[in-house]
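Q: Okay, here's the structure, questions in a sec.
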Amino acid sequence: MSEYWRALGFESAITAVQAIVPQAITDATPVLSAAIDTRTYPRTRILLVGSVKETTNTAHTLTLTVTESATSGGSYTAATTSGTLTAMADGGIQWASIKRNAAKPFIKVTATGSHADVDVVVSASVVFIGR
């Protein structure tokens, strides 16, 4: 979905791509998104936006990782991001900036829990913000 958003006195085209649909996960079963081709959204800032909720108010965590590759079906390695997304009892929205890598335009998002119980709920989107 693409829409125009007015913020701080300027308009930006914003497109959100659902990377991980809302779901409960465990450490034993990490969730991997499909490949997202960042070349489809040139000249934009890329953000990973996630909601990570700990449902039992314990110290269990979840990590969202962004990986990148030169091809959709190729070998993926860790991408450069700024920001950390971890589980929170209140399930607040968190974000991390993803550095664009022209040599490796395909990205995937992986959600990995810290233990085997199913008590962390996650959803994640990759948001492209035009200049």
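Q: So which residues in the range 39-64 are within 16 Å of Val17 (Cα to Cα) and among the polar types (S, T, N, Q)?
A: Answer for the range 39-64, where residues must be within 16 Å of Val17 (Cα to Cα) and among the polar types (S, T, N, Q): Thr40, Thr44, Ser51.
Q: Follow-up. Kindly list the number of the only condition in (1) of a type outside the set (Asp, Glu); (2) under 24 Å from Gly130 (Cα atoms); (3) at pLDDT 85 or above; (4) out of contact with any strand residue (DSSP E or B) (no Cβ under 7 Å at 6 or more places or on another chain) that fails for Ala79.
A: Just one mismatch for Ala79, condition (4).
Q: If you don't mind, another one. Picking from Leu85, Leu48, Leu64, which residue would you name as being in a loop (DSSP other than H, G, I, E, B), in contact with a strand residue (DSSP E or B) (Cβ under 6 Å, 6 or more places away or on another chain), buried (at least 18 other Cβ atoms within 10 Å of the Cβ) and at pLDDT 70 or above?
A: After applying the criteria, what remains is Leu85.
Q: Here is a further query. Pull up the range 25-41, narrow it to residues that are modelled with pLDDT of 75 or more and surrounded by 15 or more Cβ atoms within 10 Å (Cβ to Cβ), then point me to the one that is nearest to Phe128 (Cα to Cα).
A: Among those residues, the one meeting the criterion is Tyr41.
Q: Can you name the residue in the range 51-61 that is of a type outside the set (Val, Ile, Thr) and assigned to a loop (DSSP other than H, G, I, E, B) and is also least open to solvent (accessible area, probe 1.4 Å) among such residues?
A: Across the range 51-61, the extreme among qualifying residues is His60.
Q: Also: Can you pull out the residues in the range 34-45 that are part of a helix (DSSP H, G or I) and touching a residue at least 24 places away in the same chain (Cβ under 8 Å)?
A: Thr38, Arg39
The values are calculated or read from the model by the stated rules, or taken from the named source; none is laboratory data. These numbers were taken from a predicted model, which means no experiment stands behind them. Don't worry about glycine lacking a Cβ; one is built from the backbone with ideal geometry, like all the others, and counts go over all protein chains shown. The protein model used for the area step is the full one, side chains on, heavy atoms only, and it has no ligands, DNA or RNA in it. Shrake-Rupley method; radii C 1.70, N 1.55, O 1.52, S 1.80 Å.
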